[in-house]
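The next block holds one structure in the form of structure tokens; read it before the comments.
The values are calculated or read from the model by the stated rules, or taken from the named source; none is laboratory data. It should be emphasised that the depicted structure is a prediction, and the values quoted were computed from it without experimental measurement. Reconstructed Cβ throughout: ideal geometry from the backbone, glycine too, with neighbour counts over all protein chains shown.
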Amino acid sequence: MDVQLLVILVVAAVVTAFSALIAFPLLRQAGIVDVPSHRSSHTQATVRGGGVAIGCGITVATVLAMVWNIAEHGVFGLGGIVLPIGFLVLTWCYSAIGMSDDLDSLRPVGRLIGQVVLALLFSATIAMFSTQGIAHVLAFAVIGVATVNAVNFVDGLNGYVTEWAVVTGGWFAFVSAWIGEKDVALLALTLAGAAVGFLPFNLGRARAFLGDTGSYGIGAAVFALAVWLFVQGVPIVVIVAPMIFVFFDVGLTLVLRLFRGENIFLPHREHIYQRIQQAGWPHSSVSLFHAALSVLACILAIPTLLSGNTATTYPAHVFWVLLVALYALLPLWLKRRAEQEAVPA
């Protein structure tokens, strides 16, 4: 690995861990804690809003990357700071919206309006620096809002989103380096590194949750990286590889709840990952299982990264269907097995 890439990864992780040690006691003193309820997957009051530590890690590492770039290229490196600044502004603005939810200071309609406005502004800015038209701007905005909320919806188990952020950031860094976009690779590694730094506090008996502050920020970071890779000509299959299980889980759950006539805006515990945990798997196993599936999905996208969307790469996508089916059917199989074991001989 390039020395600069490694340094950025390590700095993001170290700063996140250090920020967590400072921020978590302050958040607890301020009463920003998640008290367990009937829909919770945890049993103890836990600090929420811990994602602010990830934001600190991403920020310091990104600023270091910008300073490093200017030091290497002088005034010619100034043009390279536009993307990182936009990346930071977007992630922090979304994190701020998430923090308002952690603090219960902004109504849902207000949060949604803020998300849409931010997504439109970012998408329009990307269009100014590329050949994308108004249709792409609108599509990007929809994808941005969907991504941020999808990540927020699946943030219900210890380590689940954090491990996924490590995989997604790592994959985007690999893809960016492969196509020669080192600046994007550096940003992706700030996300992966920050998630690594947060993991020790979010695994096992978690000391803190990401909260909407963290899930919104991570979703925004993934959105920004995904859009930029698309603008650089990366096939969609390659971009969505680490995200297919998140989108599938959220999409299927929403459709099923609508079909049953349920209010989709009410809290629930019906996501696939939640049902796997309810069937007996601990948080760590569910999170690791999802991360492993995401890694496999990325591996299956490598032929497309190498050769593009061709007839020879399509068979690899068939295995995605098998992986998604495995993920969707696992809670049903676990429930049936538990019922069979409960039947007396």
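Does region 294-301 contain at least one residue that is over 20 Å from ALA192 (Cα atoms) and crowded, with 19+ Cβ neighbours inside 10 Å? Can you show your working first?
So in region 294-301, the residues over 20 Å from ALA192 (Cα atoms) come out as 300.
Remaining after also requiring crowded, with 19+ Cβ neighbours inside 10 Å: 300.
Looking through region 294-301, at least one residue is over 20 Å from ALA192 (Cα atoms) and crowded, with 19+ Cβ neighbours inside 10 Å.
Out of region 39-69, which residues are surrounded by fewer than 22 Cβ atoms within 10 Å (Cβ to Cβ) and at pLDDT 80 or above?
Passing the criteria: CYS56, THR59, VAL60, VAL63, LEU64, MET66, VAL67, TRP68, ASN69.
Inspect region 283-293 for any residue being within 25 Å of ALA173 (Cα to Cα) and surrounded by fewer than 15 Cβ atoms within 10 Å (Cβ to Cβ) and give the result as yes or no.
Checked region 283-293: at least one residue is within 25 Å of ALA173 (Cα to Cα) and surrounded by fewer than 15 Cβ atoms within 10 Å (Cβ to Cβ).
Would you say GLN278 is of a type in the set (S, T, N, Q) and crowded, with 17+ Cβ neighbours inside 10 Å? Don't jump to the end; show me each part of the working.
Values: of a type in the set (S, T, N, Q): yes; crowded, with 17+ Cβ neighbours inside 10 Å: no.
Here the answer is no, as GLN278 does not meet what is asked.
GLY261 versus (1) at positive phi; (2) under 24 Å from the mean Cα position of the chain (by Cα): which is the lone unmet condition?
Only one criterion is unmet by GLY261, namely (2).
May I ask you to list the residues in region 96-152 that are exposed (fewer than 13 other Cβ atoms within 10 Å of the Cβ) and either under 16 Å from the mean Cα position of the chain (by Cα) or touching a residue at least 12 places away in the same chain (Cβ under 8 Å) (or both)?
PRO108, PHE129
Mind checking which residues of region 170-196 are surrounded by 24 or more Cβ atoms within 10 Å (Cβ to Cβ) and without any contact (Cβ under 8 Å) to a residue 40 or more places away in the chain?
If the condition is that a residue be surrounded by 24 or more Cβ atoms within 10 Å (Cβ to Cβ) and without any contact (Cβ under 8 Å) to a residue 40 or more places away in the chain, then ALA188 is the only one that fits.
Listed residues ILE244, ILE264; which is under 24 Å from ALA328 (Cα atoms), in contact with a Phe, Trp or Tyr (Cβ under 7 Å, 6 or more places away or on another chain) and not small (Gly, Ala, Ser)?
Checking each option against the conditions leaves just ILE244.
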